[in-house]
C-alpha cells in the first residue's frame, strides 16, 4: 500500500511544477489538493483526469481505494 508521501511524490513527479498536499488515515483512502500550472484552461474533469492518468491501470480502485481531489491553478 502506498503512503500519503508516496502518492504526493507520484503526483508531483507526474505533473512537473505541481504542488500536492496528500493526506490519508489508512493508506487506502486519500485526499489530495493539487495546484498546477498545467491545469490552466482545462475543465475540472480534465484536471482530475490528468491527475488520475499518473496512476497505473487498476491502481485506483485497487491499492488506492479512493482518491478525493481538489485541483487548482496557481
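At-a-glance table
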quantity: Contour minus Cα-Cα distance for residue 5 and residue 65 (0.36 nm per residue); calculated: 20.0 nm
quantity: Label-point separation in nm, residue 56 to residue 40, each point 7 Å along Cα→Cβ; calculated: 3.4 nm
quantity: Fraction of beta bridges assigned by DSSP in region 4-72 that are antiparallel (%, nearest 5); calculated: 40 percent
quantity: Cα gyration tensor shape of region 4-72, rounded if a/c is under 1.5, else prolate or oblate by comparing a/b with b/c; calculated: prolate
quantity: GNM result for the chain, Cα springs below 10 Å: residue of 12, 23, 46 fluctuating most strongly; calculated: 46
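Just so you know, all these numbers are worked out from the coordinates, no wet-lab data involved. Nothing here was measured: the structure is a model prediction, and the numbers come from that model. Here Cβ is always computed from backbone atoms with ideal geometry, including for glycine, and neighbour counts include all displayed protein chains.
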